[in-house]
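Engineer: Handing you a structure now.
What follows draws every value from the coordinates through simple rules; no lab data is involved. Bear in mind the structure is a predicted one, so any value in this text is a computation, not a measurement. Glycine also receives a Cβ, built like all others from the backbone with ideal geometry; neighbour counts cover every protein chain displayed.
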């Protein structure tokens, strides 16, 4: 095989549309553009944002940041790292806080807010310090004789 023998796969290429070559070609006279209107003119169909005379999207939307229209600060929700009661039961010690969870590898170093969830069981009394507790987690810890302390977030 040589470079001059290379050719595209059969059926993969299509010959270009030859416009304005008489009635018999199917694309004579108006060359497939129809009669009159913007589509028949040179330079049509304009730009991709044109909506046929309707108010364009960029003019229908309010002006954004840096413009004088309302507050621009976005309230971001607090993101809690979930810790289950079953994970607390595996830890040794009577008092469990954020530092103990990070030392045990349950929390990553960057995670700051912790919520204790009620999945699993706990069989001993422990004191748990976290930023939030689900109602089922609080019930399970207190039923085992332990206590919960809510830290300020």
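Engineer: So how far apart, in nm, are the two label points at residue 136 and residue 112 if each is 7 Å from Cα heading toward Cβ?
Structural biologist: 3.0 nm
Engineer: Still on this structure, please answer the following. Label residue 150 and residue 127 with points 7 Å out from Cα along Cα→Cβ: what is the distance between them in nm?
Structural biologist: Each label point lies 7 Å from its Cα, and together they span 1.9 nm.
Engineer: Taking N as the number of residues in segment 81-150, what is its Cα Rg relative to 2.2 N^0.38 Å?
Structural biologist: My calculation over the Cα atoms of segment 81-150 gives 0.96.
Engineer: Could you give the length gained on full extension between residue 51 and residue 23, defined as 0.36 nm per residue of separation minus the Cα-Cα distance, in nm?
Structural biologist: 6.8 nm
Engineer: Please work out which option in (i) 403; (ii) 117; (iii) 128 gives volume of the Cα convex hull per residue in Å³ calculated from these coordinates, and answer with its label.
Structural biologist: Given (i) 403; (ii) 117; (iii) 128, the calculated one carries the label (i).
Engineer: Starting from 0.36 nm per residue, how many nanometres of slack lie between residue 7 and residue 31 once their C-alpha separation is accounted for?
Structural biologist: Result: 5.6 nm gained on full extension.
Engineer: Turning to a different aspect of this structure: Compute the distance in nm between two label points, each set 7 Å from the Cα along the Cα-to-Cβ direction, one at residue 61 and one at residue 92.
Structural biologist: According to this spin-label approximation, the distance is 5.8 nm.
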